[in-house]
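For reference, the structure discussed in these notes is given below.
The values are calculated or read from the model by the stated rules, or taken from the named source; none is laboratory data. Just so we're clear, the structure is a prediction, and the values are computed from it rather than from any experiment. When we count neighbours, we look across all protein chains shown, and the Cβ atoms used for this are built from the backbone with ideal geometry, even at glycine. Each accessible area value is taken on the protein alone, full model and side chains, heavy atoms only, with ligands, DNA and RNA left out. Shrake-Rupley method; radii C 1.70, N 1.55, O 1.52, S 1.80 Å.
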Amino acid sequence: MDINQVLACDAILEDWRYLVLHHSDSESGSLESLESLHRRRRDQFGIPWEGIGYHFVVGNGQGMLDGRVVSTYRWRQQLHGAHTRSPRHNRRGIGICLIGDFEVQAPTPRQLASTRKLLESLMTRFDIARHDVLRHSDVAATRCPGRLLPFEHLVASLPMPAAVPAGVH
């Protein structure tokens, strides 16, 4: 995976502060299937969603290549997300969706390796600390991204951030 190609975008980079992990809550899927699903949804006012709410999708070999990371239009255009009910985490958080239902089955080793590489690159690019890598369930009442995502292990494997002076974040 060429992470630089995945991170390419068409707009001036936003000041992202959070990385929010999700699962698709489905055995299989792809960028296209999630896009289609999200376009059929409506918000609390009955207004259709603009499209996929995430910035990145990571495949599991069932609908997308195992470990393949793709960016969505939200990333390429540096648009806010629509992946949590938290306005702050939608505005300032990069939504990353791994294909799978991690209440039933754990992510694949390739998915985890690609996700780690993506997280590390985004953390470096935007100076995001480990404690700002979040699960969807950290910001909303949900089980997403599922109990079988080894979140603590994944975050512990990420590099320690450079020292940041007090009061900067």
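Things to note:
- Taking first residues from region 45-61 that are open to solvent by less than 10 Å² (accessible area, probe 1.4 Å) and partners that are of a type in the set (F, W, Y), the Cβ contacts under 7 Å between residues at least 6 apart in sequence or on separate chains come to G51/Y73; H55/W75; F56/W75.
A quick yes/no check of all residues on (1) at pLDDT below 95; (2) touching a strand residue (DSSP E or B) at 6+ places or on another chain (Cβ under 6 Å); (3) of a type outside the set (D, E); (4) buried (at least 16 other Cβ atoms within 10 Å of the Cβ):
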{"residue": "L134", "(1), (2), (3), (4)": "no, yes, yes, yes"}
{"residue": "V139", "(1), (2), (3), (4)": "no, no, yes, yes"}
{"residue": "T142", "(1), (2), (3), (4)": "no, no, yes, no"}
{"residue": "G146", "(1), (2), (3), (4)": "no, yes, yes, yes"}
{"residue": "F151", "(1), (2), (3), (4)": "no, yes, yes, yes"}
{"residue": "V155", "(1), (2), (3), (4)": "no, yes, yes, yes"}
{"residue": "P159", "(1), (2), (3), (4)": "yes, no, yes, no"}
{"residue": "A162", "(1), (2), (3), (4)": "yes, no, yes, no"}
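- Only residues that are within 13 Å of the chain's Cα centre (by Cα) and free of Cβ contacts under 8 Å to residues at least 24 places away in the same chain were counted in region 62-79, giving 1.
- The lone criterion from (1) surrounded by 17 or more Cβ atoms within 10 Å (Cβ to Cβ); (2) not in a loop (DSSP other than H, G, I, E, B) left unmet by M64 is number (2).
- Breaking point among (1) part of a loop (DSSP other than H, G, I, E, B); (2) surrounded by fewer than 16 Cβ atoms within 10 Å (Cβ to Cβ), for S36: (1)
- In this entry, V70 passes the filter for residues that are surrounded by 14 or more Cβ atoms within 10 Å (Cβ to Cβ) and either in a loop (DSSP other than H, G, I, E, B) or touching a Phe, Trp or Tyr at 6+ places or on another chain (Cβ under 9 Å) (or both).
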